[in-house]
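Peer 1: Before I ask anything, here is the structure I am working with.
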Amino acid sequence: MSVVKSLFGRLIDSGVILSIEADGGLSIDAPVGVLTEGVVAEVRAHREDLLAMVEQWGERAAIMEYDGGLARVDAERLALVDVLGDHPTPEYLPEVPGWLCPWCRRGDQLADDPGGMRCDRCNRLAWRWIEHSCVRADFIFSEL
């Protein structure tokens with residue numbers, strides 16, 4: 001992992017809120033004690049790269065929120081995984097491997113439904129029974 005990705009991940013994990021100001025500057029809102037002299041020196045040394053990463057993270061989160069229908073907090077978590085290139089955390093992995101909701105891309109809250117499997121997170125039918133097969137609901141709806 002690059003130095004900038006590591007720094008970005010550490011800042012987020014420490015509760016730091018990074019954003020881009022109207023003038024293009026980097027805005028940092030951190031809990032007391034997080035921004036030590038060493039961290040501030042790292043941020044200054046990698047300011048431009050951090051700005052680019054914050055922009056990329058915000059853009060991906062917005063796409064996941066508005067196009068994917070995710071709550072902002074979920075969109076930011078998934079965008080962080082995407083930007084950092086890490087494997088998803090256990091909360092984003094399905095309980096049964098391979099079973100994900102096609103709408104919100106999560107699998108931790110799939111529940112049996114008379115029509116197939118419903119995602120309790122986004123409240124949509126994720127998988128549908130057709131004869132003796134369970135088919136992703138987005139494939140079915142896209143062909144109607």
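Peer 1: Of D74, D120, how do they rank once you tally other Cβ atoms within 10 Å and put the fewest first?
Peer 2: So the residues, fewest neighbours to most, are D120, D74.
Peer 1: Related question: How far apart, in nm, are the 7 Å Cα→Cβ label points at E48 and V81?
Peer 2: That separation, rounded to one decimal, is 3.3 nm.
Coordinate-derived values only; no laboratory data. For clarity, every value in this text was computed on a predicted model and none was experimentally measured. Counting neighbours? That spans all protein chains shown, and the Cβs are built from the backbone with ideal geometry, glycine included.
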